[in-house]
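A.B. asks: Pasting a structure below so you can have a look.
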Amino acid sequence: MRRIVLITVFVFASETMMANDFSNDDHCKILWRFESGAVPFLADSKGNNTLTNKGADEDTSVFSEGACSAKFNRANMDRMLITDADLDSGVPGKSGENHKTFSIALRFRLDDVGIYQFLVTKIGSEKYCYGCSVYTDNHLQLLVSHNGTAWPSTFKHETALVADRWYRAVLTYDGDDDDAYRIRIWDETAQAIVGVDKTGTATDFDIYDSSIYLGYDSVNLTLGGNLDEVVIFDDILTVDEIDKIFAFEYGAEEESGGQESDLVTFGGAKSAGKSAGKSAGKQD
């Protein structure tokens, strides 16, 4: 009996300790983890991009990473935001600068489907920049705007999502070279990559002094559900790096002296470790 108890405690501890480590990645510009408590719930664990909360609640019973997520009530237009003026230098899309390449990594869960839901967007009145959303057909899409007044260019993943399920997703966009993009999704319930990555060539977007929103201030557009571990990079994550994030192993090979893990397998191929000289312009 004593032996069984010891094994149970060990498994529980290993589960709760799993986490990505972005501390040594200079390309990681924002890390919102939404941990419980007035300060950590809104804090940027990487920089100084502290969020302003407009109604989102701590959810310590439904989360994907850590011990808490941000819960958004669509009917109340719950949202979080940070103004352009408060963004750290180097954050993609910050006005007065020219950083257009980005990767957005996020974990999300939808209460309902069949409705348009903004997840992460840099947007303002006639100041649309970029972001991601789930459209009314339940497909995750990359948003880029070259005119500032709408999303004339949207690029959708081809597999429909369902409600009440956690997804881990990464959207990359090469704004410094050829506007190439990738959308890759992991289904926590199925423990598998969702469909096939959506890749292609997008269009350029214009930079405005608009805020970054999580959710939005319109009942017809805001999120109903949860967000967890939202990360914004100023470069292109490779497929290997994306899979490390999905597996909670990003940065782990640096802590272990560069030893590659044998634990991560996605799509039939084991993910390689983070490359030392990652390019800011090209994606694999």
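The values are calculated or read from the model by the stated rules, or taken from the named source; none is laboratory data. As the structure is a computational prediction, the values presented were derived from the model and not from experiment. Glycine gets a Cβ as well: all are built from the backbone with ideal geometry, and neighbour counts include every protein chain shown.
Per-residue answers, yes or no, for (1) aliphatic (A, V, I, L, M); (2) at pLDDT 95 or above; (3) over 17 Å from V170 (Cα atoms):
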residue	(1), (2), (3)
I193	yes, yes, no
D197	no, yes, no
E229	no, yes, no
G257	no, no, yes
A276	yes, no, yes
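A.B. asks: So which residues in segment 134-146 are in contact (Cβ under 8 Å) with a residue 24 or more places away in the chain and either part of a loop (DSSP other than H, G, I, E, B) or in contact with a Leu (Cβ under 6 Å, 6 or more places away or on another chain) (or both)?
C.D. replies: Going through segment 134-146, the residues in contact (Cβ under 8 Å) with a residue 24 or more places away in the chain turn out to be 134, 138, 140-142, 144-146.
Within segment 134-146, V134, N138, L142, S145, H146 qualify.
A.B. asks: Among the residues of segment 97-111, which ones are out of contact with any Asp or Glu (no Cβ under 8 Å at 6 or more places or on another chain) and either farther than 18 Å from L171 by Cβ or loosely packed, with under 15 Cβ neighbours inside 10 Å (or both)?
C.D. replies: As a first pass, look at segment 97-111 and keep what is out of contact with any Asp or Glu (no Cβ under 8 Å at 6 or more places or on another chain): 97-98, 104.
Of everything in segment 97-111, those that are out of contact with any Asp or Glu (no Cβ under 8 Å at 6 or more places or on another chain) and either farther than 18 Å from L171 by Cβ or loosely packed, with under 15 Cβ neighbours inside 10 Å (or both) turn out to be E97, N98.
A.B. asks: Restricting attention to segment 86-125, which residues are more than 27 Å from A75 (Cβ to Cβ), of a type in the set (D, E) and in contact with a Gly (Cβ under 8 Å, 6 or more places away or on another chain)? Full working, then the answer.
C.D. replies: At the first step, the residues of segment 86-125 found to be more than 27 Å from A75 (Cβ to Cβ) are 86-103, 105.
With the extra rule that they be of a type in the set (D, E), the set shrinks to 86, 88, 97.
Result: D88, E97.
A.B. asks: Any residue in segment 76-89 that is over 21 Å from F233 (Cβ atoms) sitting within a Cβ distance under 6 Å of a residue that is part of a strand (DSSP E or B) and of a type in the set (S, T, N, Q)? List the pairs, counting only those 6 or more apart or interchain.
C.D. replies: The qualifying pairs do not exist here.
A.B. asks: Can you confirm whether Y130 is hydroxyl-bearing (S, T, Y), under 21 Å from S210 (Cβ atoms) and touching a Lys or Arg at 6+ places or on another chain (Cβ under 7 Å)? Break it down into steps so the answer makes sense when it comes.
C.D. replies: Numbers: hydroxyl-bearing (S, T, Y): yes; under 21 Å from S210 (Cβ atoms): yes; touching a Lys or Arg at 6+ places or on another chain (Cβ under 7 Å): yes.
Spelling it out, Y130 is indeed hydroxyl-bearing (S, T, Y), under 21 Å from S210 (Cβ atoms) and touching a Lys or Arg at 6+ places or on another chain (Cβ under 7 Å).
A.B. asks: Could you check segment 193-222 and list, in sequence order, the residues that are within 14 Å of L143 (Cα to Cα) and surrounded by fewer than 16 Cβ atoms within 10 Å (Cβ to Cβ)?
C.D. replies: Matches in segment 193-222: T199, G200, T201, T203, D204, D206.
A.B. asks: Moving on. Look at segment 218-235 and say how many of its residues are out of contact with any Gly (no Cβ under 7 Å at 6 or more places or on another chain) and under 26 Å from G90 (Cα atoms).
C.D. replies: Total meeting the criteria: 8.
A.B. asks: Scan segment 162-177 for residues that are among the aliphatic types (A, V, I, L, M) and surrounded by fewer than 20 Cβ atoms within 10 Å (Cβ to Cβ) and jot them down. Full working, then the answer.
C.D. replies: Step one: list which residues in segment 162-177 are among the aliphatic types (A, V, I, L, M), which gives 162-163, 169-171.
Across segment 162-177, the qualifying residues are V162, A163.
A.B. asks: Going by the structure shown, is A85 surrounded by fewer than 16 Cβ atoms within 10 Å (Cβ to Cβ), at pLDDT below 95 and over 18 Å from the mean Cα position of the chain (by Cα)?
C.D. replies: On the way: surrounded by fewer than 16 Cβ atoms within 10 Å (Cβ to Cβ): yes; at pLDDT below 95: no; over 18 Å from the mean Cα position of the chain (by Cα): yes.
No.
A.B. asks: Report the residue count in segment 214-227 for those that are among the aliphatic types (A, V, I, L, M) and outside any strand (DSSP E or B).
C.D. replies: First pass over segment 214-227, keeping only residues among the aliphatic types (A, V, I, L, M): 214, 219, 221, 223, 227.
If we keep only those that are outside any strand (DSSP E or B) as well, we get 219, 221, 223.
Going through segment 214-227 one residue at a time, the tally reaches 3.
A.B. asks: I'm told A56 meets every condition in (1) of a type in the set (G, A, S); (2) crowded, with 20+ Cβ neighbours inside 10 Å; (3) under 13 Å from R109 (Cβ atoms) except one. Can you identify the failing condition by its number?
C.D. replies: So the condition that A56 fails would be (3).
A.B. asks: Then there is this: Give the number of residues within segment 188-202 that are farther than 12 Å from I242 by Cβ, touching a strand residue (DSSP E or B) at 6+ places or on another chain (Cβ under 6 Å) and not polar (S, T, N, Q).
C.D. replies: 4
A.B. asks: Also, I was wondering about something else. Filter segment 199-213 down to the residues that are in a loop (DSSP other than H, G, I, E, B) and modelled with pLDDT of 95 or more and list them by number.
C.D. replies: Step one: of segment 199-213, the residues in a loop (DSSP other than H, G, I, E, B) are 202-210.
Scanning segment 199-213 gives I207, Y208, D209, S210.
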